[in-house]
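Report on one structure; see the data block that follows.
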Amino acid sequence: SASRGKALNRALIEAGVVTMKDSPTGKRYGLRDRAGRITEAYGFDLSPIAARYPEFVRLAEEARAERAEMGRLRRRATIARKGIIQILEAAAEYGLESDEWASLARETRILAKALRQVERPEEMVIGVESLERRQRAARERLEILLSSAEEGASEAVDSAPLGPESNPHQY
């Protein structure tokens with residue numbers, strides 16, 4: 001809208017990105033010579049943009065690098081979150097439900113929800129590393145529980161064959 005355009009123009013002028021140069025009559029216009037070059041101009045002066053071009057290029061590059069880093073961090077968070085979900089599903093399949101797994105599921109949901117709101121890579125790193133630590137700890141805990149369950153199961157079952165299974169049948 002026109003009022004939004006005016007507000008943006010004011011913000012650009014206050015930031016020093018553009019300057020105003022009005023004619024004595026308050027009008028804005030430009031005059032060109034026969035070759036098309038501007039000889040006299042009143043209105044918005046965009047030369048500060050040209051003077052600060054290297055700064056804008058640097059800021060754009062920093063923003064691009066920050067977006068790329070946030071993308072990498074979000075992918076790591078997704079991998080860790082899905083890894084935790086798989087660990088929880090495996091624990092449920094083996095009947096290893098406990099308060100510890102329910103607590104892990106709850107904490108993971110809360111942390112994942114909080115990470116969606118994060119906009120700075122420094123803050124995102126902390127949350128992603130926390131998710132990854134939880135995933136490693138959960139995997140180690142599940143492996144310990146499964147190995148102890150296997151040891152208990154192997155002691156209870158005698159897998160040696162009984163009787164003459166490998167002998168010929170006699171009628």
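The values are calculated or read from the model by the stated rules, or taken from the named source; none is laboratory data. In this text the structure is predicted, and so the values were computed from the model without any measurement. Reconstructed Cβ throughout: ideal geometry from the backbone, glycine too, with neighbour counts over all protein chains shown. Ligands, DNA and RNA are excluded from the accessible area calculation, which covers all protein heavy atoms including side chains. Shrake-Rupley method; radii C 1.70, N 1.55, O 1.52, S 1.80 Å.
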Inset, instruction - Mind listing just one residue for me: the one in the range 56-91 that is closer than 30 Å to residue 141 by Cβ and of a type in the set (Val, Ile, Thr) and, of those, surrounded by the most Cβ atoms within 10 Å (Cβ to Cβ)? - result: 84
Inset, instruction - Report the residue count in the range 111-125 for those that are of a type in the set (A, V, I, L, M, F, W, C), in contact (Cβ under 8 Å) with a residue 24 or more places away in the chain and within 15 Å of residue 68 (Cα to Cα). - result: 2
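Looking at the range 130-171, which of its residues are of a type in the set (D, E, K, R), out of contact with any Lys or Arg (no Cβ under 9 Å at 6 or more places or on another chain) and modelled with pLDDT of 70 or more? Don't jump to the end; show me each part of the working.
Narrowing the range 130-171 to residues of a type in the set (D, E, K, R): 132-134, 136, 139-141, 143, 150-151, 155, 158, 165.
Next, from what is left, pick out any that are out of contact with any Lys or Arg (no Cβ under 9 Å at 6 or more places or on another chain): 133-134, 136, 139-141, 143, 150-151, 155, 158, 165.
Result: 133, 134, 136, 139, 140, 141, 143, 150.
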Inset, instruction - Output the number of residues of the range 29-46 satisfying the condition of being surrounded by 11 or more Cβ atoms within 10 Å (Cβ to Cβ) and under 23 Å from residue 13 (Cα atoms). - result: 6
Legend entry - Long-range neighbours under 7 Å by Cβ, at least six apart or interchain, first residue open to solvent by 60 Å² or more (accessible area, probe 1.4 Å) within the range 3-25, second β-branched (Val, Ile, Thr): 12/18; 13/19; 20/13
